[in-house]
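J.: Shown below is the structure under consideration.
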């Protein structure tokens, strides 16, 4: 199966090139597309020096966020290389080639599978596809992480297998390219956060599921690029969380006025939780 890897960069060319140097020799990846999301630190010029028959560096005229940037890379790959599998990776991850091979095999052998991911070594990258109650839960750090920990423990007890997942984190995963195109990719109305949730919702609406390979792992320096932009502040980035979930609530859950008010109240409480978290980190 032909495969293309999409790496989205914004003002983080050192980390992006670090990942590139680790994976460019993988025979399981036929092409690598690096999308520069309108960086203002000279990233595009620096990364363009790595271009060759396998590595392609493209640039966007504006930073439209995770969804628009990754859609650009996916459409470029589909137009020029006709891959059967698309991999998406943040610059702050690392994965072995045997993991890539296993992900391709899972997608080729399961027609109902839209996308797949391994388990992350650090933290949690799998959770349930949320309804409205799940959205409210995700606003609170402690509650949401405890739920993801419970899911992780259950998956680890299941042994080495392909298991169905509600949502897999967007830091590293693969999709069937044809099915990704069928569902029109990521929702470009979002800028940051909820992209993978909406993607799972779109796959499910077309009869496809997300999966997780419990016997494989990848490394993720959680949100290293985001922390660089927002100076390690969870509270600052959380404003994008609110905007993206308003889109998810309105267009995918069809929430009403009362639910929207409850969401806004809970978002504010979640924001205060993150302010406290950021302050505590300053003293540790």
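The values are calculated or read from the model by the stated rules, or taken from the named source; none is laboratory data. Given the structure is predicted, the values throughout are model-derived calculations rather than measurements. Using ideal geometry, Cβ is built from the backbone for each residue, glycine included, and neighbour counts are taken over all protein chains shown.
J.: So which of 59, 48 ends up being free of Cβ contacts under 8 Å to residues at least 12 places away in the same chain, more than 30 Å from residue 158 (Cβ to Cβ) and surrounded by fewer than 22 Cβ atoms within 10 Å (Cβ to Cβ)?
T.: The match here is 48.
J.: Now for a different question. What do you reckon, is residue 9 within 26 Å of residue 183 (Cα to Cα) and either touching a strand residue (DSSP E or B) at 6+ places or on another chain (Cβ under 9 Å) or buried (at least 19 other Cβ atoms within 10 Å of the Cβ) (or both)? Steps first, please.
T.: Details: within 26 Å of residue 183 (Cα to Cα): yes; either touching a strand residue (DSSP E or B) at 6+ places or on another chain (Cβ under 9 Å) or buried (at least 19 other Cβ atoms within 10 Å of the Cβ) (or both): yes.
Considered against the rule, which asks whether it is within 26 Å of residue 183 (Cα to Cα) and either touching a strand residue (DSSP E or B) at 6+ places or on another chain (Cβ under 9 Å) or buried (at least 19 other Cβ atoms within 10 Å of the Cβ) (or both), residue 9 comes out as yes.
J.: Being assigned to a loop (DSSP other than H, G, I, E, B), touching a strand residue (DSSP E or B) at 6+ places or on another chain (Cβ under 8 Å) and either at pLDDT below 95 or closer than 25 Å to residue 153 by Cα (or both) is the filter here; which residues of segment 184-235 pass it?
T.: Answer for segment 184-235, where residues must be assigned to a loop (DSSP other than H, G, I, E, B), touching a strand residue (DSSP E or B) at 6+ places or on another chain (Cβ under 8 Å) and either at pLDDT below 95 or closer than 25 Å to residue 153 by Cα (or both): 208, 221.
J.: Suppose we filter segment 138-168 for residues that are out of contact with any strand residue (DSSP E or B) (no Cβ under 7 Å at 6 or more places or on another chain), crowded, with 19+ Cβ neighbours inside 10 Å and not in a helix (DSSP H, G or I); how many remain?
T.: The number of residues fulfilling the criteria is 1.
J.: In addition: Here are some conditions: (1) surrounded by fewer than 21 Cβ atoms within 10 Å (Cβ to Cβ); (2) part of a loop (DSSP other than H, G, I, E, B); (3) out of contact with any strand residue (DSSP E or B) (no Cβ under 6 Å at 6 or more places or on another chain); (4) at pLDDT 95 or above. Residue 130 meets all but one. Which one does it not meet?
T.: (1)
J.: Restricting attention to segment 79-107, report how many residues are farther than 14 Å from residue 216 by Cβ and either more than 19 Å from the chain's Cα centre (by Cα) or surrounded by fewer than 18 Cβ atoms within 10 Å (Cβ to Cβ) (or both).
T.: Taking segment 79-107 as the starting set, the residues that turn out to be farther than 14 Å from residue 216 by Cβ are 79-86, 88-92.
Restricting the remaining residues to those that are either more than 19 Å from the chain's Cα centre (by Cα) or surrounded by fewer than 18 Cβ atoms within 10 Å (Cβ to Cβ) (or both) gives 79-84.
The qualifying residues number 6.
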